[in-house]
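All remarks here apply to the structure that follows.
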């Protein structure tokens with residue numbers, strides 16, 4: 001693990017100098033974007049107000065992690081992705097093994113966490129349990145302890161890295177334990193130090209996996225959902241909270257609470273419900289003709305086709321493509337996958353023509369397929385899916401926080417205005 005720490009340590013001064021000398025000292029007063037009234041009232045969508053170097057989304061090429069297109073990273077495992085998010089480099093074998101060993105040393109979950117989870121009401125939502133589990137460990141924060149002892153500002157990133165490793169190491173056990181406790185699946189399954197991070201998560205869920213395919217799917221899922229710029233609800237929430245120097249236990253829990261919202265983390269469940277409704281209606285995987293008629297009837301009553309369209313993308317989401325290739329390889333004849341496949345074959349063309357071609361993005365996003373694959377392998381509790389999303393996304397929360405503290409980023413504090421200010425600015429006379 002020291003190599004990861006040293007890699008980050010060596011990068012920070014160079015990036016700080018670049019920002020100070022080449023950007024702020026020379027261009028601090030220059031404008032990089034304008035804000036429209038629509039954006040002010042529209043959730044700040046499209047407003048340039050953050051720098052996030054861990055990932056970006058190209059409208060036509062999709063997600064890039066540290067400048068690398070995601071479709072070049074689908075054979076990696078989550079530990080490699082975390083290293084990449086933090087350093088900009090894919091680890092060599094020795095560095096990967098050191099990181100994995102570090103995570104295994106920190107993997108044990110305090111017994112009091114299980115005590116807390118078991119005392120919650122039986123119908124507590126899995127995401128509530130997840131957030132509570134993280135918050136229950138806040139007293140373990142290394143950042144908190146060192147900050148109270150007068151830690152130097154230049155050392156904030158290192159304490160944040162320590163908290164990151166502590167949290168990430170425990171995520172597979174916590175998330176799998178939540179699944180088994182919440183749905184009465186039996187005893188917790190012990191952590192296996194012979195397995196990698198994603199493999200442990202898959203095993204501890206207890207989903208039957210005789211061929212190892214489910215473990216491969218879990219690893220892929222955790223890679224594909226690891227980060228998605230800095231402005232989505234969960235990443236931004238986590239970042240804002242951490243900018244106040246709230247430690248990562250607070251910040252990660254806050255990000256997970258944002259992810260729990262229906263407009264953010266519920267999409268793959270809605271897509272799966274749509275696929276299953278088609279399966280139930282036709283009692284099979286329908287033909288293309290049957291699907292065309294079904295989709296058109298759905299649109300005509302004012303409903304949408306879940307899983308199609310994206311706020312940024314204007315092409316097929318490469319995360320969808322990665323899952324699609326997995327499905328073709330491992331479950332090509334499964335009815336739910338066949339429905340997803342045939343929807344992909346007919347929906348984009350329908351949406352391109354429907355409504356006069358005004359739909360900006362008629363292509364599938366990752367949610368159009370991810371839930372169906374999880375369901376196929378036996379993970380059938382819909383409201384648990386966001387927990388798996390959260391396990392992955394915490395990698396991004398932590399990587400962004402480490403670098404923000406390394407660059408000594410200030411507290412995030414945008415300006416708000418009143419309706420009256422808008423009226424005055426636009427010269428509108430109130431009636």
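Within this structure, residue 12 fails the test of being modelled with pLDDT of 95 or more, more than 24 Å from the chain's Cα centre (by Cα), part of a helix (DSSP H, G or I) and within 30 Å of residue 425 (Cβ to Cβ). Scanning segment 199-232 for residues that are within 16 Å of residue 371 (Cα to Cα), over 21 Å from the mean Cα position of the chain (by Cα) and part of a loop (DSSP other than H, G, I, E, B) gives a single hit, 207. For segment 97-107, the criterion of being without any contact (Cβ under 8 Å) to a residue 60 or more places away in the chain, at negative phi and in the same structural domain as residue 180 (by TED's automatic domain parsing) is met by at least one residue.
Restricting 311, 332, 360 to residues that are assigned to a loop (DSSP other than H, G, I, E, B), surrounded by fewer than 17 Cβ atoms within 10 Å (Cβ to Cβ) and at pLDDT 95 or above narrows the list to 332. Among the residues of segment 392-406, none qualifies, meaning not one is assigned to a loop (DSSP other than H, G, I, E, B), closer than 24 Å to residue 232 by Cα and assigned by TED's automatic domain parsing to the domain that holds residue 206.
Among the residues making up segment 255-265, those that are in contact with a helix residue (DSSP H, G or I) (Cβ under 7 Å, 6 or more places away or on another chain) and either within 28 Å of residue 376 (Cα to Cα) or surrounded by fewer than 23 Cβ atoms within 10 Å (Cβ to Cβ) (or both) are 256, 257, 258, 259, 260, 261, 264, 265.
Only residues that are surrounded by fewer than 18 Cβ atoms within 10 Å (Cβ to Cβ) and within 15 Å of residue 77 (Cα to Cα) were counted in segment 99-128, giving 1.
Summed over segment 208-231, residues that are without any contact (Cβ under 8 Å) to a residue 12 or more places away in the chain and touching a helix residue (DSSP H, G or I) at 6+ places or on another chain (Cβ under 7 Å) total 0. Condition test on residue 242, is it farther than 26 Å from residue 343 by Cα and either crowded, with 18+ Cβ neighbours inside 10 Å or not assigned by TED's automatic domain parsing to the domain that holds residue 407 (or both)? Against the criterion (farther than 26 Å from residue 343 by Cα and either crowded, with 18+ Cβ neighbours inside 10 Å or not assigned by TED's automatic domain parsing to the domain that holds residue 407 (or both)), residue 242 qualifies. Give the residues of segment 317-342 that are touching a residue at least 60 places away in the same chain (Cβ under 8 Å) and farther than 17 Å from residue 218 by Cβ, sorted by residue number. The answer is 317, 318, 321, 336, 339, 340. The condition of being part of a helix (DSSP H, G or I), farther than 30 Å from residue 87 by Cα, out of contact with any helix residue (DSSP H, G or I) (no Cβ under 7 Å at 6 or more places or on another chain) and not assigned by TED's automatic domain parsing to the domain that holds residue 134 holds for residue 425.
The values are calculated or read from the model by the stated rules, or taken from the named source; none is laboratory data. For clarity, every value in this text was computed on a predicted model and none was experimentally measured. Note that each Cβ is placed from the backbone with ideal geometry, even for glycine, and that neighbours are counted across all protein chains shown.
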